[in-house]
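Comments concern the structure below.
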C-alpha cells in the first residue's frame, strides 16, 4: 500500500459513515422512539379522523333518520338505542365526529390566522401598533369567553358560520399573546434586521424569517387550542346555542339524552347512553394532549440534556 493510501482523511471518514436519510426515514426513526402515550394519542386521533371522513359509509343509518320507537333499548337493530325522537345514537355519534371536529378544526385554523398574523405584525412594527393591538386584546381577554360567546350567539344567531367566527375571534387573543411573545424574541435577530435593510416587505419577513423559527411552540399551542375550542363548542351545544339540530353534535347529544341517567336502577344501558358522547369528547381531548406533550418534549431539547 502506498504512502498516499495510508494518509488519514477526516473528510473520508465522515463520508464513510454519513448516510443521508429521507424525510420518511427520519419520521420513522422519530416515531420508533415515541413513548406509548404518544402512540396511543396518535392512534386515537387517526381513528377519529377516519370516522369523521367516512361517516356516511360507516354509519348504519342517516344522521337525522327517525324510527318509530323513541328511547329504544340497546339491541341488534340499534346498538346504542335511540334518542327521544327515535334517531339512532350510534349513527349520530359517528356523524357527530365529522361535525364537531370539522367545526373545531376550522375555528382553530381561523383563530391562528387572525391571532398569529396580528401577533407577528405587532412583534415587527411595535410602537403604537403594538400598543393598540395589545390593549384591545387585553380588553377581550378580560371578558369570560363562554359568557361573551353566549351573548354574541344570542344576538347574531346560532349558525355554524357565526359559531366559527365568534369563537375564532375570541380564541385568537391567546394565539396573539403567544405569537407576539415568541415573535419579539426573533424580530431582534440580525438576520431579521438584514432582511429589513434589504427592503423586504413585512409579509415576507413574517413568513420567511420569523414564522419558521417559532413553529414548535405554535404547533404545540395549536393542539391545545383545538382541545379548548372543541370543548367550548361542545359546551355551547350543551347549552343550546352551539351546533343546531338536526345536525349531530356530541354536546347536544349529552343534553338530549341526559334525562336517561335517572333510569339507571331499571336499565343500566339506558343510563350509559348520555355517557357515550361525553366519553367521545374526553377521549379525543386526552389523545390530543398526549401528542402535544410528546411534541413539546421533542422540541424542548430536554431529550438532549438527559443523554
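Go through the residues of segment 199-211 one by one and say whether even a single one is surrounded by 17 or more Cβ atoms within 10 Å (Cβ to Cβ) and without any contact (Cβ under 8 Å) to a residue 24 or more places away in the chain.
yes
Take segment 269-284 and flag every residue that is under 11 Å from residue 81 (Cα atoms) and surrounded by fewer than 16 Cβ atoms within 10 Å (Cβ to Cβ).
Passing the criteria: only 269.
When you look at residue 87, is it surrounded by 21 or more Cβ atoms within 10 Å (Cβ to Cβ) and touching a strand residue (DSSP E or B) at 6+ places or on another chain (Cβ under 9 Å), yes or no?
Yes, satisfied.
Going by the structure shown, is residue 97 touching a helix residue (DSSP H, G or I) at 6+ places or on another chain (Cβ under 9 Å), at pLDDT 90 or above and over 19 Å from residue 149 (Cβ atoms)? Explain how you work it out, then say what you get.
On the way: touching a helix residue (DSSP H, G or I) at 6+ places or on another chain (Cβ under 9 Å): yes; at pLDDT 90 or above: yes; over 19 Å from residue 149 (Cβ atoms): yes.
Yes.
For segment 57-79, which positions are in a helix (DSSP H, G or I) and either farther than 14 Å from residue 98 by Cα or touching a helix residue (DSSP H, G or I) at 6+ places or on another chain (Cβ under 8 Å) (or both)?
Applying the first criterion (in a helix (DSSP H, G or I)) to segment 57-79 yields 57-58.
Once the filter is applied, which keeps residues that are in a helix (DSSP H, G or I) and either farther than 14 Å from residue 98 by Cα or touching a helix residue (DSSP H, G or I) at 6+ places or on another chain (Cβ under 8 Å) (or both), segment 57-79 yields only 58.
The values are calculated or read from the model by the stated rules, or taken from the named source; none is laboratory data. All of these numbers come straight from a predicted model, not from anything done at the bench. Here Cβ is always computed from backbone atoms with ideal geometry, including for glycine, and neighbour counts include all displayed protein chains.
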